[in-house]
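Worksheet for the structure shown next.
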Amino acid sequence: MSSAAEAGVVKPTGECWDIDNLFIMDGSVLPTSIGVNSQLPIMAVSLMLARGLAADFDRHARRAMG
């Protein structure tokens with residue numbers, strides 16, 4: 001996850017830089033292993049990204065429909 005395409009695969013919203021409307025919302029958005037028990041931080045990041053997508057769903061749906 002990064003604020004620039006050169007620095008990461010997904011935007012801060014979880015959407016891939018290179019593919020519109022492809023969202024990654026799991027532990028793979030984290031830049032590195034965060035420790036032994038990463039379940040809670042991964043769940044928190046996933047929830048944050050999902051809420052952001054839900055709040056802006058109409059815009060993403062219109063963009064997907066062309």
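The values are calculated or read from the model by the stated rules, or taken from the named source; none is laboratory data. What you are looking at is a predicted structure, and each value in this text was computed from that prediction instead of being measured. Because the Cβ atoms are built from the backbone with ideal geometry, glycine has one as well, and the counts that use them run over all protein chains shown. Remember, those area values only see protein heavy atoms, side chains included, never the ligands or the DNA or RNA. Shrake-Rupley method; radii C 1.70, N 1.55, O 1.52, S 1.80 Å.
A compact table of results
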| read-out | value |
| --- | --- |
| Subset tally (residues that are in a loop (DSSP other than H, G, I, E, B) and either at pLDDT 90 or above or over 23 Å from A5 (Cα atoms) (or both)) for segment 27-44 | 4 |
| Residue check for L22: surrounded by fewer than 13 Cβ atoms within 10 Å (Cβ to Cβ), in contact with a strand residue (DSSP E or B) (Cβ under 6 Å, 6 or more places away or on another chain) and closer than 22 Å to S3 by Cβ | yes |
| Segment 1-19, subset open to solvent by 50 Å² or more (accessible area, probe 1.4 Å) and touching a Pro at 6+ places or on another chain (Cβ under 9 Å), residue modelled with the lowest pLDDT | M1 |
